[in-house]
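Undergrad: I am attaching a structure below and will ask some questions about it afterwards.
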Amino acid sequence: MTRDEAMALYNTYNSSDNLLRHALAVEAVMRRFAEELGHDPEYWRIVGLLHDIDYEQYPDQHCQKAPELLRAAGVSEDMIHAIVSHGWTICSDVEPEHPMEKVLFTIDELTGLISATALMRPSKSLMDLGVKSVKKKWKTKGFSAGVDREIIAKGAQMLGIDLDRVILLTIEGMRTVAAELDLM
């Protein structure tokens, strides 16, 4: 599947600008991690783009409806497994196994925390955001209360990558699409 085909499929089931920004952030971060870990950036980015394919139309069936939608579009079973595994312990019992799946599980929530942290800065930008600022907001209980920090920490541990490095790579990935995220 090409990136254009993945975007067309994404747009079939999603119209929310906020969800699109999230999908673009996750796509960019997946690409960055693939480069870092020596995997196929194009494949990983498509998984990131499609990870919430069912969320807008089927929020109560998130990660349950995705396989049906993806199979109908001819998406491979390994890609489907990866997409469904990002909801492990939340809305799916499919455990992340491959490094790609572990990255997606880890950074899905983290992109939200990083976006929120950037928006709190005077610049409202990712370009001057550092790990230290994210870690400070991480420790603030009421800040982005919907972001499950335990999942992020558990994912980093599963990856065997220090949390600070995970945050840095996530920021770096998101910076590549900062304009599309309105976080320039």
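The values are calculated or read from the model by the stated rules, or taken from the named source; none is laboratory data. Owing to the predicted nature of the structure, the values given are computational and were not obtained by experimental measurement. Heads up, the Cβs are rebuilt from the backbone with ideal geometry, glycines too, and the neighbour counts pull from every protein chain shown.
Undergrad: How many residues does segment 36-56 hold that are part of a loop (DSSP other than H, G, I, E, B) and aliphatic (A, V, I, L, M)?
TA: Residues flagged as part of a loop (DSSP other than H, G, I, E, B) and aliphatic (A, V, I, L, M) within segment 36-56 amount to 1.
Undergrad: Checking Gly160 against (1) closer than 20 Å to Leu104 by Cβ; (2) of a type in the set (Gly, Ala, Ser); (3) surrounded by 12 or more Cβ atoms within 10 Å (Cβ to Cβ), which single condition isn't satisfied?
TA: In the conditions (1) closer than 20 Å to Leu104 by Cβ; (2) of a type in the set (Gly, Ala, Ser); (3) surrounded by 12 or more Cβ atoms within 10 Å (Cβ to Cβ), Gly160 misses (3) alone.
Undergrad: Note down all Cβ pairs under 7 Å where the first residue falls in segment 82-95 and is free of Cβ contacts under 8 Å to residues at least 24 places away in the same chain, the second is of a type in the set (Phe, Trp, Tyr) and in a loop (DSSP other than H, G, I, E, B), and they're at least six residues apart or on different chains.
TA: Close Cβ pairs satisfying both conditions: none exist.
Undergrad: Identify the residue in segment 55-73 that is of a type outside the set (Ser, Thr, Tyr) and free of Cβ contacts under 8 Å to residues at least 12 places away in the same chain and, among all such residues, is surrounded by the most Cβ atoms within 10 Å (Cβ to Cβ).
TA: The residue in question is Lys65.
Undergrad: Determine whether segment 135-149 contains at least one residue that is at pLDDT 95 or above, β-branched (Val, Ile, Thr) and out of contact with any Lys or Arg (no Cβ under 6 Å at 6 or more places or on another chain).
TA: Yes, segment 135-149 has at least one match.
Undergrad: What is the one condition in (1) under 21 Å from Ala6 (Cα atoms); (2) among the polar types (S, T, N, Q); (3) over 16 Å from the mean Cα position of the chain (by Cα) that Ser123 does not satisfy?
TA: Going through (1) under 21 Å from Ala6 (Cα atoms); (2) among the polar types (S, T, N, Q); (3) over 16 Å from the mean Cα position of the chain (by Cα) one by one, Ser123 breaks only (1).
Undergrad: In segment 84-118, how many are outside any loop (DSSP other than H, G, I, E, B) and surrounded by fewer than 16 Cβ atoms within 10 Å (Cβ to Cβ)?
TA: Matching residues across segment 84-118 total 1.
Undergrad: So Leu69 ticks every box in (1) within 27 Å of Leu183 (Cβ to Cβ); (2) part of a helix (DSSP H, G or I); (3) in contact with a helix residue (DSSP H, G or I) (Cβ under 8 Å, 6 or more places away or on another chain) but one. Which box is left unticked?
TA: Only one criterion is unmet by Leu69, namely (1).
Undergrad: Checking Ser133 against (1) buried (at least 17 other Cβ atoms within 10 Å of the Cβ); (2) touching a residue at least 24 places away in the same chain (Cβ under 8 Å), which single condition isn't satisfied?
TA: (2)
Undergrad: All but one of (1) in contact with a strand residue (DSSP E or B) (Cβ under 9 Å, 6 or more places away or on another chain); (2) under 20 Å from Val147 (Cα atoms) hold for Leu49; state the number of the condition that does not hold.
TA: Checking Leu49 against (1) in contact with a strand residue (DSSP E or B) (Cβ under 9 Å, 6 or more places away or on another chain); (2) under 20 Å from Val147 (Cα atoms), the one that fails is (1).
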